Each structure stands twice: as C-alpha cells, then as structure tokens.
Amino acid sequence: MAVKMLKGFSSDRGRSALTASAASPKGDWLERWLETVSDLARLKERHPMLDAVIDEIDGRMIRIGDHWLADFASCNYLGLDLDETVLKSVQPYLDKWGTHPSWSRLLGSPVIYEEIEAKLTELLGAEDVLALPTITHIHMSVISILAGAGTIFLDGRAHKTIYDGCQLARHHGAKVKKFRHDDTEHLQELLASDSSKTKLICMDGVNSMTGNAPDLRQFASIARDHGALLYVDDAHGFGVIGERRSRELCDYGMRGNGIVKHFGETYDNVVLVAGLSKSYSSLLAFIACPTQVKDMLKIAAPPYLYSGPSPVASLATTLAGLEVNEMRGDEIRADLHRKTKTVLSCLEKLGIATPNRSGFPIVEIPLADQQDVDDVGRYLFKRGIYATLAAYPLVPKNEVGFRIQITAANNNQQIAHLVTVLEEVADRFKLQNASRVARWYRG
Ligand SMILES: Cc1ncc(COP(=O)(O)O)c(C=O)c1O
C-alpha cells in the first residue's frame, strides 16, 4: 500500500527513506496514515483543484495553465495581500533590514517585533503578546508548556495542529481527554471528575470548516469555575470579528480584534492564539498571554529559542496591515460581510445546506454522496470557480464537500458568478440535506 502511494514521489532518496521506514515496525503509523489519506492522495494526483500550480494572479483571479478562475480558496479575508498601502510598505523595510534576520528570537530580534507586539497588545486589549512565525509553531511548543503534567481537555473537532500539539504534550507527560465538540456539559463533567492541578482546555475560535464560533463567554466562565486555562486558536476569527459596539458597521463587530473581544470577554484564564497569515496576509503568529507567561516562553518554547524568524517583508506587511486596519478595517469588514451575506442568502434561497450559522466568510457545502467530490470539484473548476475540496480525512467521510472562503478582494462580478455556479451545482449534484447538517454540527 505504502509503495503504491509513493508512485508520485519523485526523489529516489526520499522514496527509499520512506519505503524503509514504512517497512520497519516503527513505520506502521505511515502505513496507517497512507491508508487513511488514500482518497486525498488519489485526488491530489489527478484533480486540477488540489496541489495546483498557480501560474499567475490578477486581483482575486488566478490562472492555472490557460484556465482563469475566481479564487474562493484564499484566506486573505481583508484582501490586504493586494492592498496598495501594504504592498508599498515592504521596500523601505528591506532597505533597512535586508530580507531576513537570521537570528533566532532568543539571540535578538529587529525592533519591528517590539512595535508589532505593542500594537497587537493594544488592539487585543490583552496583558501582553509574544510573536512567533506560525500558529503551528505555537501549538507544538506552548501547549506542552502550559499543560505540564496536568490534563488537557481537547474539543473533539479541534484543528489538527492543536490536536498534534496535544499529542506532543501527552508525550511530555500530560493527560489528554476529549470532549464532544462545543459540548459545555460534557466538558464540565470531565473537568469535575479530574483531580489534576493543571487543567488546560484547548479549542478553536472561529472554526475553519463550519465558520461558526463557540460561545466563548460560556467556555471562559467554565474555565474560571474549574481553575482551568482556556487556550483558543482564533486563526480565522482574528481580523474578521471583533468587539461589539452600538455604532458597528456590521455583525462582525469592530476592529477585528478577535473572538475574546467579540464576546465581550476578558483574558482572565484565557490565552488567545492567532495568526497574521490569514486576514493580514503575513507570515507571523502570536499568543496573547500574561507577561509572566511570555517571559517563561522566551526560555522554554523551542521556536523562540531555535526557529528562524518571520521574513522582514512579513514584519513590514504586518505593521502596514495593522495601520490599514486602524484606518479603514471596519469598512473592509462591512464589505466582506455584505459579500458573504449575498452568498449565504443565495444558498438559503436554493435550499443548499451549509453548517455556517454565523455569517462569517467560511462556507462549507457538504455533498450527499462523498464519491461526488471529484466530479463536483471538476465542475467548479470548469466553470471558473476555485474552492477548497473538503475531502476525507480533512473532514469526516459523511461531511465531504467543498468550502468557499470569501475575501474583501473578491469583486461583485466574481460573487455573482459564484452564485450562478452554485445554482448549477445544486441542479446537477445531490447536496447534503439541511437537517442532517444541523445534526452533525451541534451547538
Ligand atoms: C484553525 C487553524 N489553526 C492553525 C492553522 C495553521 O496556521 P499556521 O499556518 O500559522 O501554522 C490553520 C491553518 O489553516 C488553521 O485553520
């Protein structure tokens, strides 16, 4: 099985290394993993909408070979990747700092990091912020440190990178207990019956597949009642949702300062992790935490000690993006909200089921028959729509479908075309029925 899967593996050295590890007893995990991802691997080999080579972009249009498509797979929600102010910000920083400071952060960091951390601290209303290259780096290091030899309570639908961070924490001595997705009662039962001194609850903010957010007020309150720490990954919420105000321009709230502020919560017993690589189009991530925790992470978190830092261009676009956010972020979000609403209203009119109940710009459309994912994807591609194929094991088998992300840089014409194509898809393919979808994603 593993050997068959390695057909597309071009390097001989890589091939023999992988084959050797698969053949050894220790390689069993690879056999199992390759088995699990066999549907995905088949799609990756043959499908134009997976592992694609993008030849060119023009706004939110992409060219693959001679085929132009409207891109609804980008997570650049605010469209800052194409914003003139952001684009122009890079060169002066490159002139001053070169392309890449190749110090680990422990050795030294350009002063830009201080500015970014101070600005993020103010925006989030947190005590302090530590910036590291990616959210994955943060999960793979910080979860272990915060959990110690205690217990982690892990949401059943937590993102794979959180799950992997928890597995590593288990290896370091933590216990991991899963609670049913978004199920506060189940979480409370598990917390009440656990005698660990250290308790860490790990979950997503805005969910990367459903587009919905947990009721953070409830989860934060449960964490406080049980002396636990709530660790939330808001990769998709930060930049899009923020604090609620009476004069807000749309339901996303204002300032894009993330899920904690959106729910009017404080950071007591709450640690927020998010990234700049989605809404801010920059390779950087952060953890909002007390200064004491930040100081501890500076000596205990391997990515601070050993990893290469974010490139200067990303530090520059982060700062410029934060400025744009201050100047016109709320108008951009209002536009994003309007475009998302157009798509969601079309789905409702057509009776197409989606788990999205939030109105946030992540819209998954599950199929009635998972085998159709290949054909549906090809149809979307042929009609000039680029979406994310939600194949197994990216989602459970009965939830296979496709996901659309709307960004402020998708123009009205692209939105109108998407609506037309969704109508055609609903005509030609059997999509999942609404009551089943509602049952899967409780809460
Ligand atoms: C919820 C969530 N967490 C983490 C990540 C990974 O983020 P990063 O690229 O910063 O490691 C993603 C990426 O899609 C995500 O959706």
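Filter the stretch 257-271 down to the residues that are in a strand (DSSP E or B) and within 16 Å of the ligand (Cβ to nearest atom) and list them by number. Answer for the stretch 257-271, where residues must be in a strand (DSSP E or B) and within 16 Å of the ligand (Cβ to nearest atom): just V271.
Can you find a residue that is closer than 20 Å to A288 by Cα, out of contact with any helix residue (DSSP H, G or I) (no Cβ under 9 Å at 6 or more places or on another chain) and more than 14 Å from the ligand (Cβ to nearest atom) anywhere in the stretch 158-175? Checked against the condition, which is being closer than 20 Å to A288 by Cα, out of contact with any helix residue (DSSP H, G or I) (no Cβ under 9 Å at 6 or more places or on another chain) and more than 14 Å from the ligand (Cβ to nearest atom), the stretch 158-175 yields no hits at all. Within the stretch 272-308, the residues that satisfy the criterion of being within 14 Å of the ligand (Cβ to nearest atom) and either among the small types (G, A, S) or over 15 Å from the mean Cα position of the chain (by Cα) (or both) are A274, G275, S277, S279, S281, S282, A285, P303, S307. Select from the stretch 336-346 the residues that are open to solvent by less than 30 Å² (accessible area, probe 1.4 Å) and either within 12 Å of L80 (Cβ to Cβ) or without any contact (Cβ under 8 Å) to a residue 24 or more places away in the chain (or both) and list them in ascending order. L336, the sole residue that qualifies.
So, of the residues in the stretch 204-234 that are among the small types (G, A, S) and open to solvent by 10 Å² or more (accessible area, probe 1.4 Å), which turns out to be farthest from L78 (Cα to Cα)? Checking each candidate, the answer is G227. Pull up the stretch 39-68, narrow it to residues that are open to solvent by less than 30 Å² (accessible area, probe 1.4 Å), touching a helix residue (DSSP H, G or I) at 6+ places or on another chain (Cβ under 7 Å) and not charged (D, E, K, R), then point me to the one that is farthest from Q405 (Cα to Cα). This residue is A41. Quick check: is even one residue across the stretch 184-203 under 25 Å from I365 (Cβ atoms), within 14 Å of the ligand (Cβ to nearest atom) and buried (at least 21 other Cβ atoms within 10 Å of the Cβ)? So far as the stretch 184-203 goes, yes, one or more of its residues are under 25 Å from I365 (Cβ atoms), within 14 Å of the ligand (Cβ to nearest atom) and buried (at least 21 other Cβ atoms within 10 Å of the Cβ). Tally time: how many residues in the stretch 257-271 are over 16 Å from the mean Cα position of the chain (by Cα) and either within 20 Å of L315 (Cα to Cα) or aromatic (F, W, Y) (or both)? Here the count works out to 2.
Residue-level check: of (1) outside any loop (DSSP other than H, G, I, E, B); (2) over 18 Å from L283 (Cβ atoms); (3) within 16 Å of the ligand (Cβ to nearest atom), H139 misses just (2). Residue count for the stretch 291-307 satisfying the condition of being open to solvent by 50 Å² or more (accessible area, probe 1.4 Å) and not in a helix (DSSP H, G or I): 1. The set of residues in the stretch 185-234 being polar (S, T, N, Q) and on the phi > 0 side of the Ramachandran plot is empty.
The single residue among R333, R328 that is open to solvent by 40 Å² or more (accessible area, probe 1.4 Å), among the basic types (K, R) and more than 15 Å from the ligand (Cβ to nearest atom) turns out to be R328. Of all residues in the stretch 235-256, those that are at negative phi and more than 16 Å from the ligand (Cβ to nearest atom) have Cβ atoms under 9 Å from Cβ atoms of residues that are among the β-branched types (V, I, T) and in a strand (DSSP E or B), 6 or more apart or on another chain, in D251/I241; Y252/I241.
The values are calculated or read from the model by the stated rules, or taken from the named source; none is laboratory data. Since we're looking at a predicted model, the values are computed, not measured. No Cβ is skipped: glycine too gets one built from the backbone with ideal geometry, and neighbour counts run over all protein chains shown. In case anyone asks, the SASA skips ligands and DNA or RNA and just uses the protein heavy atoms, side chains included. Shrake-Rupley method; radii C 1.70, N 1.55, O 1.52, S 1.80 Å.
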